[in-house]
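Okay, structure first, notes after.
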Amino acid sequence: MMDTLLQDLRYALRSLLKTPGFTLAVVVTLSLGIGANTGIFSIVNALLLRDLPHVTRPEQLLLIGRTLNNDGFDTFSYPDYVDLRAQSRTFQDVAAITTVPVHVSGTAATERVRGGIVSGNYFAVLGTSPARGRFFTPDEDRPSNPAQVVVLSAGLWQRAFGGRADVVGKTIRVDNHPFEVIGVAPAGFQGLTRGDQLDLFLPLSVQPVAMPEFGSFIRQRQAVWLQLFGRLRPGASLAQARTELAAFGQQMVAASPTDRKGWGVSAATTAGFDPFTQANLVRFLRLLQGAVILVLAIACANVANLLLVRSATRRRELAIRASLGAGRGRILRQLLTESILLSALGGIGGLVLAYWGSDLLRALPVLGFSGAIDLTPDTRVLLVTLAISLIAGVMFGLVPAMHAVRSDLAGELRQSAEIGRPRGTRLRNALVITQVAVSLVLLVAAGLFVRTLQNAYAIEPGFATNVLVARLDVGLQGYDEARGRRFYAQLLRDLEATPGVRSASLAINLPFAGGFDTRIDAQGALIDAEHRGYRTDRNSVSPTYFETMGITILRGRGFTAHDEATSPPVAVINEAVAERLWPGQEAVGKRFVRIWGGPPLEVIGVARDAKYRNLFEERRLTFYQPLTQDYQAALVVHLRPAGDPMALAGPLQSVVRALDPDLPVYRIQPLVERLAGSLGQQRTAATLVSGFGALALLLSAIGLYGAVAYSAAQRTREFGIRIALGAQTPDVLRQVLREGMMLGVLGLAIGLVGAVAITRVLRSQLFGVTPTDPLSFTVVSLLLLVVAVVASLVPAKRATRVDPMVALRSE
């Protein structure tokens, strides 16, 4: 058996080497189809399947989320964490983490990094071992005994200390506070959140130091800020954990029913994301995987057509083998061996293409996680590529092989060139029609995603995007409030005097960066266990903010220099707040309260609604306060330029350095980039599906051209006789064109029906366009008709140039 298999392989290899052009065409076609599938599966593998690096038995870890009326997956307070950890019987242990931006100095260079504030058992629950030194002890995690110690990531260790072995015991400054380095996390460690590259880790006990703008709230039960996760005990199940957490949620509500009405607690299995992000990601990746499977189907149909053509040229060879005693099964096995060998070569080519394209895939903004994921092929990717190659080999090889062995092999030796259509025409035509139909489905999907992206960019965000933004934090330099106020006031004066600056302002927040949640209601409204006000975003801004951002004040006024810290508290609300709190009434002059404390705020103006978190959100309640009445050390500078926003990056840094040479300016970018970043998933879908559609179109055009060209070549004698009998050139041209156009039109008809059925599953991914968008269907149909005409025209023109005498003599 093994000898026979090796004999088949040697014969298949010799046969393919005799036809290098055919072999190269097949391998390239398969490489494109398999490479696309391998590339997308590499993303699926990296985001959803690959084990979290340096995490022991991740299947035992569960994310724990606080829910509100069974919606969302939110955070907990520190006292809640302590209670759950003490009471749980299904978890071995429960850990906590939150992330915060911090400045690190005292190293080679001051830099802004992402830090994790973690419980003392964080690394132990994950089952992670340090690369250097040690991790936190329980004593270093107690709020009553805060320890200013830090664990560095491997990346920060390399950047700040050059990977020196004596890093343990060194001192760095985090937000201008000294911290002793006690350890280094292993290279590639991401914790429990896939793609989340944290640069350092601090114990929970130092929360007031690491989050100075919020003060010390670690003991406050109403301050929810910690993401929890736990490791199940041996034998405990997900169902048991959810039952226990549901009871704990009821206990939380019973202890404080007014503040926690509707609260619950749940657990989710984790692949590195919270359940809502993961569900969105799974839907998106299924879409991409479906698109590349269609590309592979087109590639297989193309190769099957090439094999049919090749088998037609090998009829005499196969007939001779049959006459010498080879059975149909033996010939079938030989043909399938050649197909599988071709698919293996295509698989190798696909792996090479996927590897070369990994940087391009990594750069695609797939939900913002692409930059940190590892797309290096591993054993799983290699096995899947092997499986795809084998399946593809059987898919494109079986039908042509069966067709070849079912032919009258003995009769092939007696046949001469007869007038008529060549064998296998119907099968080849069916494959071409399939290619055209599948191409139409892909191109329609691409058109829908392009239209969605265009519609997204056409959304009016409600503010000017031609604005440069940058972050500053004077708290890092130890400024107190009085000094910080003076610095920011002088900074605004200097920036407004800078050439090229039309307007300058400050704010604590910026669009598409989340928001500071609070709950508000009209002064005097009934607040009880059933109604806890309205969830609202807030932003504190300088008086020129609305001018800089181009946000129109519809009624009342904006802030002025007279709205001082000692003045009555005031606010500007957006239209959504005005309509929610005082429908049908004038909101200016009214007052509202913040449910979580603070004096009432008087409404002095109503601003136009804007998109605060993403372009697709519904109207969001938002109010603004003057910075003079809500001082913050960390602020965002907004500059409205006279020209290119980035032209102000250098002058901004120069102005800041003139005021404080040691104060870093970070995250300098135009708002239009933030807007584009918020459309990462839409841009990825439009880019990849359009690329796959273009590839499908190319393969279909090649398949259509090949089918018509082969058919015309096989009918050379027929065309010669027709011309000899008086047929005109246009007659032959029309005959060949008609054959190609019939294939194209039939493919279009089938594809249109398939596209109407399939694109309905894309509804949740579309915006401003229906799954049956007439423009997308019309443009794609016309494009495919043009391709069909062009692909048929070349062989048709060649057929009209047949010399009747040459054609007849050749036969």
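The values are calculated or read from the model by the stated rules, or taken from the named source; none is laboratory data. Keep in mind the model is a prediction, meaning the values are calculated, not measured. Every residue, glycine among them, receives a Cβ derived from its backbone with ideal geometry; neighbour counts consider all protein chains shown. These accessible areas exclude ligands, DNA and RNA; they are computed on the full protein's heavy atoms, side chains included. Shrake-Rupley method; radii C 1.70, N 1.55, O 1.52, S 1.80 Å.
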- line: Among (1) modelled with pLDDT under 95; (2) in contact with a strand residue (DSSP E or B) (Cβ under 9 Å, 6 or more places away or on another chain); (3) assigned to a loop (DSSP other than H, G, I, E, B), Val588 falls short only on (1)
- prompt: So, of the residues in segment 152-192 that are among the polar types (S, T, N, Q) and open to solvent by less than 70 Å² (accessible area, probe 1.4 Å), which turns out to be farthest from Ser105 (Cα to Cα)?
  reply: Gln190
task: Determine the pairs where a residue that is without any contact (Cβ under 8 Å) to a residue 24 or more places away in the chain, located within segment 338-361, has a partner that is open to solvent by less than 20 Å² (accessible area, probe 1.4 Å) and outside any helix (DSSP H, G or I) with Cβ atoms under 9 Å apart, the partner being 6 or more residues away or on another chain.
output: Tyr355/Leu375; Asp359/Leu375
Scope segment 426-445; condition of a type in the set (Gly, Ala, Ser) and in contact (Cβ under 8 Å) with a residue 24 or more places away in the chain; matching residues: Ala437, Ser439, Ala445
- request: Return the only residue of Ala571, Ala507 being closer than 27 Å to Pro645 by Cα, among the aliphatic types (A, V, I, L, M) and open to solvent by less than 10 Å² (accessible area, probe 1.4 Å).
  value: Ala507
- line: Filtering segment 253-301 down to residues that are under 26 Å from Gln765 (Cβ atoms), of a type in the set (A, V, I, L, M, F, W, C) and at pLDDT below 75 yields Ala271, Phe276
query: Which numbered condition trips up Tyr81, out of (1) among the aromatic types (Phe, Trp, Tyr); (2) under 14 Å from Ser153 (Cβ atoms); (3) in a helix (DSSP H, G or I)?
result: (2)
field: Subset of segment 457-500 [surrounded by 16 or more Cβ atoms within 10 Å (Cβ to Cβ) and among the acidic types (Asp, Glu)]
entry: Asp473, Asp494
- request: May I ask you to say which residue of Glu718, Glu739 is open to solvent by less than 40 Å² (accessible area, probe 1.4 Å), assigned to a helix (DSSP H, G or I), at pLDDT below 80 and farther than 30 Å from Arg283 by Cα?
  value: Glu718
- prompt: Mind checking whether some residue in segment 57-70 is open to solvent by less than 10 Å² (accessible area, probe 1.4 Å) and out of contact with any strand residue (DSSP E or B) (no Cβ under 6 Å at 6 or more places or on another chain)?
  reply: no
field: Unique match (being open to solvent by 60 Å² or more (accessible area, probe 1.4 Å), acidic (Asp, Glu) and touching a Lys or Arg at 6+ places or on another chain (Cβ under 9 Å)) among Glu586, Glu564
entry: Glu586
- line: The condition from (1) out of contact with any Ser or Thr (no Cβ under 9 Å at 6 or more places or on another chain); (2) open to solvent by 30 Å² or more (accessible area, probe 1.4 Å) that Val672 misses is numbered (1)
Residue satisfying all of: in segment 222-245; touching an Asp or Glu at 6+ places or on another chain (Cβ under 7 Å) and over 16 Å from Pro58 (Cα atoms); surrounded by the most Cβ atoms within 10 Å (Cβ to Cβ) among these: Val224
field: Residue check, Val168 of a type in the set (Val, Ile, Thr) and over 16 Å from Ala96 (Cβ atoms)
entry: yes
query: From Leu48, Leu32, which residue is part of a helix (DSSP H, G or I), among the aliphatic types (A, V, I, L, M), at pLDDT 90 or above and open to solvent by 10 Å² or more (accessible area, probe 1.4 Å)?
result: Leu32
- request: Give the residues of segment 676-694 that are open to solvent by less than 30 Å² (accessible area, probe 1.4 Å), out of contact with any Phe, Trp or Tyr (no Cβ under 7 Å at 6 or more places or on another chain) and part of a helix (DSSP H, G or I), sorted by residue number.
  value: Ala676, Gly680, Thr684, Leu688, Phe692, Gly693
Count - residues of segment 423-456 that are of a type in the set (Lys, Arg) and buried (at least 24 other Cβ atoms within 10 Å of the Cβ): 1
- prompt: Based on what the data block shows, is Gln632 within 30 Å of Tyr479 (Cα to Cα), open to solvent by less than 50 Å² (accessible area, probe 1.4 Å) and in a loop (DSSP other than H, G, I, E, B)?
  reply: yes
- request: Looking at (1) modelled with pLDDT of 85 or more; (2) open to solvent by 10 Å² or more (accessible area, probe 1.4 Å), find the lone condition where Gly215 falls short.
  value: (1)
query: Of all strands (runs of 3 or more DSSP E) completely enclosed by segment 112-206, which ones contain at least 1 residues that are among the polar types (S, T, N, Q)?
result: 171-174
query: Restricting the first residue to segment 234-249 and requiring it to be closer than 14 Å to Gln87 by Cβ and without any contact (Cβ under 8 Å) to a residue 60 or more places away in the chain, which pairs with a second residue that is surrounded by 17 or more Cβ atoms within 10 Å (Cβ to Cβ) and not hydroxyl-bearing (Ser, Thr, Tyr) meet a Cβ separation below 9 Å and a spacing of at least six or different chains?
result: Ala246/Gly264; Ala246/Val265; Ala247/Val265
